[in-house]
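A.B. asks: One structure, as structure tokens, below. Some questions next.
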Amino acid sequence: MRVYLFIAAIAGGATWLVTPLIRHLAIKIGAVGRVRARDVHTVPTPRMGGLGMLFGFAVAMMFAYRIPFVGGLFQGSSQMWVVLAGAVMICLLGMADDLWDLDWMLKLAGQLLISVFVAWGGLQIISLPLGSLVTASPSISITITAVLIVASINAVNFVDGLDGLASGIVAIGGIAFAIYSYIIARSSPSYASTATLIDVMLVGICVGFILHNWHPAKLFMGDSGSMLLGYLITCASIVMTGRLDPASIHASVYLPVFMPILLPVLVLFLPVLDMCMAIVRRLRKGQSPMHPDRMHLHHRMLKIGHTTQGAVLILWGWAALIAFGSLTILFFEARYVAVGFVIAAAALTVATMYPYLRRRIPEIREENAALEAARHAGRKRRDGEGE
């Protein structure tokens with residue numbers, strides 16, 4: 001565990017140190033986001049922060065390569081190098097979008113090509129738990145892997161609308177994934193786990209970037225960052241769910257570990273929900289699924305009356321509840337987990353609606369008082385007419 005914490009600290013420290021340099025570079029080359037109608041910020045802010053996170057991830061990987069405990073993960077397998085190569089390509093694609101605002105179809109095509117390359121390079125969902133462990137054909141495996149990566153990339157991209165929101169949600173998901181994969185790795189002769197390694201580096205770069213991205217943000221992650229985070233958390237999920245022997249895992253761990261489609265949805269529930277709602281909303285209006293609007297979850301939170309920081313913290317809370325709610329099933333009985341989940345959900349619901357209720361309740365009281373006064377006046381008028 002100490003090795004993983006050290007690697008996470010390296011990733012976070014490297015990201016934190018290099019991000020100010022990336023900010024100056026973004027300003028110099030013109031990667032500055034103009035204020036659009038759908039944006040929350042009011043001042044043009046440099047983006048391309050994903051390059052700093054990629055640097056932190058690469059530095060942490062170089063350290064991990066030299067550490068004996070996890071260095072064996074790089075021997076006899078190209079999986080980690082494939083992950084790094086994919087990270088570089090997806091970040092470069094995002095940087096191109098940060099600079100030139102690529103057409104959404106071109107960007108989607110690039111995401112799909114990179115995802116297919118990564119899957120072809122060996123990062124694949126090898127099997128799916130459909131009753132028994134069913135081995136998929138290579139073409140089906142590559143297709144499912146590529147679709148899952150592209151979906152997660154865009155889910156994180158959709159939710160990246162407030163300072164610190166996307167990086168915080170992904171960090172929470174990375175911690176949950178790391179705990180899952182670490183528990184699973186303890187059943188093997190070595191505690192070293194590729195999934196855990198990716199997760200802790202992911203959490204490190206998220207924390208390192210948040211220190212510069214908290215409101216008011218000095219730098220946005222841009223598509224280079226949101227796409228990178230969605231890609232990395234999905235890679236960790238694929239590694240964890242695709243190559244484990246169910247016979248060696250306790251039955252209570254089986255379901256959450258061998259559901260490669262379910263895990264990203266649980267951990268990235270808010271981004272996935274936001275993406276699905278946006279697609280349905282836009283298609284119903286006859287618009288492109290990528291047509292921008294101001295109806296995302298974070299926009300709704302601001303309309304309720306939350307500050308930017310308050311909205312981010314509450315959405316982090318929902319993300320943590322959903323991610324760690326599934327994790328607690330490994331340690332406690334389902335009924336206790338359900339009770340705790342309901343209590344926490346109720347508390348978060350109150351916190352979510354509090355600004356609206358604080359504003360609306362006095363309005364309701366005034367409306368009721370006015371209605372009662374009108375009724376009282378009507379009764380007095382009828383009594384006067386009766387006399």
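None of the figures in this text is laboratory data; all of them are computed from the coordinates on show. What you see is a predicted model; the values in this text were computed from it and never measured. Methodologically, a virtual Cβ is constructed for each residue, glycine included, from the backbone with ideal geometry; neighbour enumeration extends over all protein chains shown.
A.B. asks: Cross-link partners among aspartates and glutamates for K380, C-alpha distance below 16 Å, same-chain residues fewer than 8 apart left out?
C.D. replies: Of all the aspartates and glutamates, those that pass the test against K380 - Cα under 16 Å, at least 8 places apart if same chain - are E372.
A.B. asks: What is the fewest-to-most order of D199, D103 by other Cβ atoms lying within 10 Å of their Cβ?
C.D. replies: Listed from fewest to most nearby Cβ atoms, that is D103, D199.
A.B. asks: Would you please give the FRET efficiency between L21 and M105, computed as 1/(1 + (r/R0)^6) with r the Cβ-Cβ distance and R0 = 45 Å, to the nearest 0.05? Don't jump to the answer; show the numbers that get you there.
C.D. replies: On the way: r = 33 Å, r/R0 = 0.73.
Efficiency computed from Cβ-Cβ geometry: 0.85.
A.B. asks: Order by neighbour count: V280, V3, V147, V70, fewest other Cβ atoms within 10 Å first, most last. Intermediate results must be reported in sequence, preceding the final value.
C.D. replies: Working: V280 11, V3 18, V147 14, V70 24.
Fewest-to-most ranking of V280, V3, V147, V70: V280, V147, V3, V70.
A.B. asks: Same structure, new question: Taking only Cα atoms of region 1-96, what ratio of Rg to Rh do you get with Rh as the Kirkwood inverse-distance radius?
C.D. replies: Details: Rg = 16.4 Å, Rh = 15.1 Å.
Answer for region 1-96: 1.09.
A.B. asks: In which sequence would C276, C91, C235 go, from the one with the fewest C-beta neighbours within 10 Å to the one with the most?
C.D. replies: On the way: C276 13, C91 24, C235 27.
Going from least to most buried by this count: C276, C91, C235.
A.B. asks: Taking the Cα-to-Cβ direction at L112 and at W214 and moving 7 Å from each Cα, how far apart do the two end points lie in nm?
C.D. replies: 4.1
A.B. asks: Quick check: pseudo-label points 7 Å beyond the Cα along Cα→Cβ at A345 and M277, how many nm apart are they?
C.D. replies: Each label point lies 7 Å from its Cα, and together they span 1.5 nm.
A.B. asks: Once you've got the Cα coordinates, tell me which of K107/K303; K28/K285; K218/K303 are over 28 Å apart. Intermediate values should be presented prior to the final figure.
C.D. replies: Values: K107/K303 30 Å; K28/K285 39 Å; K218/K303 24 Å.
Over 28 Å apart, Cα to Cα: K107/K303; K28/K285.
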